[in-house]
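The values are calculated or read from the model by the stated rules, or taken from the named source; none is laboratory data. Please read these numbers as outputs of a predicted model, since none were measured by experiment. Cβ placement follows ideal geometry from the backbone for every residue including glycine, while neighbour counts extend to all protein chains displayed. Side chains included, ligands, DNA and RNA excluded: accessible areas come from the protein's heavy atoms. Shrake-Rupley method; radii C 1.70, N 1.55, O 1.52, S 1.80 Å.
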Amino acid sequence: PARRPRPPRPRARPVRLIVIISLRPPDAAGPLRIGATGEDTAETLRQLGALIVFRRTADSRPGWSIRRPSGLSIFVYLDAGDRVEAVEFGRADDTDDAVTYDGLDLFTTPAADVVAELRRRTTVREEEDGHSFTAPELLLAFWRPTTPETPDDEDGRFFESVLLAQPGYYGDPPSGRR
(Lines give C-alpha, C1' and ligand atoms only; values in the text may rest on other atoms or scores of the structure.)
Protein backbone atom coordinates (compact mmCIF):
# COMPACT_ATOMS: atom_id res chain seq x y z
CA PRO A 1 0.00 0.00 0.00
CA ALA A 2 1.14 3.52 -0.77
CA ARG A 3 2.10 5.70 2.16
CA ARG A 4 0.32 8.93 2.53
CA PRO A 5 2.58 11.87 3.26
CA ARG A 6 2.41 13.20 6.77
CA PRO A 7 0.91 16.62 7.19
CA PRO A 8 3.52 19.23 8.08
CA ARG A 9 4.09 19.76 11.79
CA PRO A 10 3.00 23.08 13.11
CA ARG A 11 5.99 25.21 13.91
CA ALA A 12 6.62 25.62 17.57
CA ARG A 13 6.66 29.15 18.83
CA PRO A 14 9.90 30.12 20.47
CA VAL A 15 9.58 30.08 24.21
CA ARG A 16 10.18 33.48 25.78
CA LEU A 17 11.82 33.09 29.13
CA ILE A 18 10.44 35.65 31.53
CA VAL A 19 13.11 36.90 33.90
CA ILE A 20 12.65 38.55 37.28
CA ILE A 21 15.90 40.05 38.48
CA SER A 22 15.91 40.67 42.19
CA LEU A 23 18.44 43.24 43.41
CA ARG A 24 20.23 42.14 46.58
CA PRO A 25 22.61 44.97 47.54
CA PRO A 26 25.54 44.89 47.92
CA ASP A 27 26.07 41.43 46.47
CA ALA A 28 23.95 40.66 43.44
CA ALA A 29 21.43 41.55 40.77
CA GLY A 30 19.70 38.27 40.00
CA PRO A 31 22.39 35.88 38.74
CA LEU A 32 24.94 38.72 38.31
CA ARG A 33 27.35 39.10 41.21
CA ILE A 34 29.17 42.26 42.21
CA GLY A 35 32.89 41.39 42.31
CA ALA A 36 32.58 38.42 39.92
CA THR A 37 35.11 38.10 37.12
CA GLY A 38 34.30 39.48 33.71
CA GLU A 39 34.61 35.99 32.21
CA ASP A 40 32.12 34.43 34.66
CA THR A 41 29.73 37.32 34.15
CA ALA A 42 29.93 37.06 30.36
CA GLU A 43 28.93 33.39 30.64
CA THR A 44 25.96 34.29 32.85
CA LEU A 45 24.85 37.06 30.48
CA ARG A 46 25.00 34.68 27.48
CA GLN A 47 22.22 32.69 29.15
CA LEU A 48 20.03 35.81 29.09
CA GLY A 49 20.76 37.16 25.60
CA ALA A 50 23.31 37.97 22.90
CA LEU A 51 26.43 39.45 24.49
CA ILE A 52 27.72 42.80 23.24
CA VAL A 53 30.96 44.52 24.26
CA PHE A 54 30.46 48.25 24.83
CA ARG A 55 32.14 51.33 26.26
CA ARG A 56 30.17 54.00 28.06
CA THR A 57 32.57 56.64 26.75
CA ALA A 58 35.56 56.52 24.39
CA ASP A 59 38.03 56.39 27.30
CA SER A 60 36.10 54.06 29.63
CA ARG A 61 36.87 50.40 30.22
CA PRO A 62 34.95 47.89 28.10
CA GLY A 63 31.93 46.22 29.66
CA TRP A 64 29.20 43.78 28.67
CA SER A 65 25.61 44.37 27.67
CA ILE A 66 22.58 42.46 26.45
CA ARG A 67 19.09 43.42 25.32
CA ARG A 68 16.31 41.02 26.26
CA PRO A 69 13.32 40.35 23.93
CA SER A 70 11.23 42.45 26.36
CA GLY A 71 13.52 45.42 25.68
CA LEU A 72 15.18 45.20 29.11
CA SER A 73 18.82 46.24 28.73
CA ILE A 74 21.50 44.98 31.08
CA PHE A 75 24.89 46.70 31.28
CA VAL A 76 27.79 45.35 33.32
CA TYR A 77 30.67 47.67 34.22
CA LEU A 78 34.06 46.17 35.03
CA ASP A 79 36.83 47.66 37.17
CA ALA A 80 40.57 47.72 36.34
CA GLY A 81 40.89 44.17 37.75
CA ASP A 82 38.22 42.86 35.34
CA ARG A 83 35.68 42.42 38.13
CA VAL A 84 32.06 43.60 38.15
CA GLU A 85 31.79 46.98 39.86
CA ALA A 86 28.23 47.86 38.78
CA VAL A 87 25.21 46.46 36.96
CA GLU A 88 22.72 48.80 35.29
CA PHE A 89 19.28 47.99 33.92
CA GLY A 90 17.39 49.96 31.28
CA ARG A 91 13.59 49.86 31.38
CA ALA A 92 11.90 47.17 29.28
CA ASP A 93 9.37 47.92 26.53
CA ASP A 94 6.89 45.48 28.07
CA THR A 95 6.35 43.75 31.41
CA ASP A 96 7.71 40.30 30.50
CA ASP A 97 10.90 40.94 32.48
CA ALA A 98 11.12 42.74 35.81
CA VAL A 99 13.78 44.24 38.06
CA THR A 100 12.78 44.23 41.72
CA TYR A 101 14.10 45.28 45.09
CA ASP A 102 12.49 43.65 48.13
CA GLY A 103 9.42 42.75 46.07
CA LEU A 104 8.99 46.24 44.58
CA ASP A 105 9.05 46.34 40.75
CA LEU A 106 11.39 49.25 40.07
CA PHE A 107 10.17 49.97 36.53
CA THR A 108 6.39 49.53 36.83
CA THR A 109 6.04 51.30 40.18
CA PRO A 110 5.82 55.09 39.84
CA ALA A 111 9.17 56.76 40.65
CA ALA A 112 7.62 58.82 43.48
CA ASP A 113 6.40 55.60 45.13
CA VAL A 114 9.80 53.90 44.72
CA VAL A 115 11.52 56.87 46.36
CA ALA A 116 8.95 57.04 49.19
CA GLU A 117 9.36 53.32 49.91
CA LEU A 118 13.16 53.57 49.90
CA ARG A 119 13.05 56.62 52.19
CA ARG A 120 11.17 54.51 54.77
CA ARG A 121 14.27 52.29 54.90
CA THR A 122 17.27 54.49 54.20
CA THR A 123 18.61 57.86 53.09
CA VAL A 124 17.81 58.76 49.49
CA ARG A 125 19.56 61.70 47.80
CA GLU A 126 17.76 63.62 45.07
CA GLU A 127 19.96 65.02 42.31
CA GLU A 128 19.54 66.70 38.92
CA ASP A 129 16.23 68.37 39.89
CA GLY A 130 14.48 65.03 40.51
CA HIS A 131 15.87 63.19 37.50
CA SER A 132 18.27 61.12 39.58
CA PHE A 133 18.10 59.51 43.02
CA THR A 134 20.78 57.64 44.93
CA ALA A 135 20.37 55.40 47.98
CA PRO A 136 24.07 55.18 48.93
CA GLU A 137 23.60 52.74 51.82
CA LEU A 138 21.83 50.35 49.43
CA LEU A 139 24.31 51.10 46.63
CA LEU A 140 21.39 51.83 44.29
CA ALA A 141 20.90 54.70 41.84
CA PHE A 142 17.82 55.56 39.74
CA TRP A 143 17.41 57.85 36.73
CA ARG A 144 14.67 59.22 34.51
CA PRO A 145 15.12 61.65 31.62
CA THR A 146 12.37 64.02 32.70
CA THR A 147 10.07 64.67 35.63
CA PRO A 148 6.27 64.87 35.46
CA GLU A 149 4.91 68.40 35.18
CA THR A 150 1.48 67.45 36.56
CA PRO A 151 0.18 64.48 38.60
CA ASP A 152 -1.40 63.04 35.42
CA ASP A 153 1.73 63.48 33.29
CA GLU A 154 3.11 60.08 32.22
CA ASP A 155 6.47 61.54 31.04
CA GLY A 156 9.00 60.87 33.76
CA ARG A 157 6.51 59.06 35.97
CA PHE A 158 8.66 55.92 35.97
CA PHE A 159 12.40 55.37 36.25
CA GLU A 160 14.21 54.48 33.02
CA SER A 161 17.31 52.98 34.65
CA VAL A 162 18.50 51.52 37.92
CA LEU A 163 22.09 50.74 38.87
CA LEU A 164 23.49 48.50 41.62
CA ALA A 165 27.14 49.16 42.47
CA GLN A 166 29.94 47.92 44.65
CA PRO A 167 30.76 49.73 47.90
CA GLY A 168 32.72 52.93 47.20
CA TYR A 169 31.29 53.36 43.68
CA TYR A 170 29.45 56.57 44.61
CA GLY A 171 32.52 58.12 46.21
CA ASP A 172 31.51 57.03 49.71
CA PRO A 173 34.15 55.07 51.62
CA PRO A 174 33.89 51.33 50.93
CA SER A 175 32.25 49.39 53.76
CA GLY A 176 34.59 46.45 53.29
CA ARG A 177 31.76 44.22 52.05
CA ARG A 178 31.89 43.09 48.49
Legend entry - Residue-count net charge about GLU128 - beta-carbon cut-off 14 Å; Lys, Arg +1, Asp, Glu -1: -2
Inset, instruction - At 1.4 Å probe size, with every protein chain present, just tell me what the per residue accessible area of segment 106-163 comes to in Å². - result: 53 Å²
Inset, instruction - Name the long-range amide H neighbours of ALA29: under 5 Å, sequence gap of 5 or more, or other chain; modelled H, no Pro or chain starts. - result: ARG24, ILE34
Legend entry - Neighbour net charge for ARG56 - beta-carbon separation under 14 angstrom, K R +1, D E -1: -2
Inset, instruction - With label points built 7 Å along Cα→Cβ from the Cα atoms of ALA112 and ALA42, find their separation and express it in nm. - result: 4.6 nm
Legend entry - Apportionment of accessible area to carbon and sulfur, the chain, percent (1.4 Å): 49 percent
